[in-house]
Amino acid sequence: MAFDGIILDVDGTLWNTTEIVAQAWNKAISRICPAIPLVTPEQLQSQFGKIMEVIADNLFVPATPEEKKLLLAECCKEEQEALEKLDKDISYPHVRETVKTLSKTHKVFIVSNCQKGYIELTMEKNHLKEYITDWECYGNTGMGKDKNIALVIERNNLKSPLYVGDTQGDYEACLTAQVPFVWAAYGFGTPTGYYAKIEDFARLLSLV
């Protein structure tokens, strides 16, 4: 099958930020709501891919809605600052060179359920921006991944894109958006279905 666009997930597909994010979130939790249990990287792995408010509901259970909103904002602020200071490579093997190679023959995109500004930071830290045609996220639109995939498809006039992600949520979004789902099996999740499975990001080259 010929594909004219490759849409990428972020966490669990391009890089693994869970240790850094857990530290940043725990810093905010300890300062804002010390009664809330601290989070672990493993807990975050199970939550990544969901929209931010759902993550807050799942992790900040004892908090009131107002506390959850404030705490989520502070967690995202601490996370952004921690990742901006990051001086080591936490991307999965072969990500940058593979995206660079793919961009020579295909348009490459990013769609995530993340907060506003996170995709831009991801591209900056992984030196990917010059290879990415367009991107979208929940933080920008307030819409879920399926609708943001459809939005990117529409505004870039794509006819046969595929999506690369790692979670059940990614798979379900692809079903709704009616695009083939490629499972990054090295990531965080175990989806119940997929068009193709890759154990290494570089395997995308042989798929497209």
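Using a probe of 1.4 angstrom and keeping all protein chains present, the accessible surface of the chain works out to 47 square angstrom per residue. Given springs between every Cα pair under 10 Å in a Gaussian network model of the chain, which of Phe60, Phe48, Phe109 has the largest fluctuation? So, out of Phe60, Phe48, Phe109, the one fluctuating most is Phe60. Among the trypsin sites (Lys or Arg not before Pro) in segment 38-145, those located in a DSSP loop and surrounded by at most 16 other Cβ atoms within 10 Å of their own Cβ are Lys85, Lys88, Lys104, Lys116.
Computed over the chain with a Gaussian network model linking Cα atoms closer than 10 Å, the most mobile of Ile51, Ile32, Ile153 is Ile32.
Would you indicate which of (i) 1.00; (ii) 1.17; (iii) 0.93 is the value of Cα Rg over 2.2 N^0.38 Å derived from the coordinates of this structure? Derived directly from the coordinates: (i). Mean separation of Cα pairs under 8 Å and 6 or more residues apart, divided by the residue count, gives the chain a relative contact order of 27 percent.
For segment 13-64 versus segment 94-170, the inter-centroid distance based on Cα atoms is 23 Å. Modelled label positions at Ser46 and Glu97, each set 7 Å beyond Cα in the direction of Cβ, lie 3.7 nm from each other. Among the GluC sites (Glu not before Pro) in segment 106-208, those placed in a DSSP loop whose Cβ has at most 16 other Cβ atoms within 10 Å are Glu199. In a Gaussian network model over the chain where Cα atoms closer than 10 Å are linked, find which of Gly144, Gly193, Gly12 has the largest mean-square fluctuation. Per the Cα network of the chain with a 10 Å cutoff, Gly193 tops the list. Helix 145-155 axis versus longest C-alpha principal axis of the chain: approximately 40°, rounded to the nearest ten. Considering only Gly144, Thr167, Tyr131, and ranking their Cα positions along the charge dipole of segment 61-208 that arises from unit charges at the beta-carbon of Lys, Arg, Asp and Glu, the one farthest toward the positive end is Tyr131.
Estimated from helical segments only, the mean residue ellipticity of the chain at 222 nm is -13000 deg cm²/dmol, where each DSSP H run of four or more residues counts as -39500 (n - 2.57).
Here each label is just a point 7 Å from Cα along the line to Cβ, and for Lys197 and Glu120 those points are 3.8 nm apart.
Once the Cβ-Cβ distance of Lys85 and Met143 is raised to the sixth power relative to R0 = 35 Å, the FRET efficiency obtained is 0.70.
The values are calculated or read from the model by the stated rules, or taken from the named source; none is laboratory data. Quick caveat: nothing in here was measured; it's all calculated off a predicted structure. Cβ sites come from the backbone with ideal geometry, for glycine too, and all protein chains shown count toward neighbours. These accessible areas exclude ligands, DNA and RNA; they are computed on the full protein's heavy atoms, side chains included. Shrake-Rupley method; radii C 1.70, N 1.55, O 1.52, S 1.80 Å.
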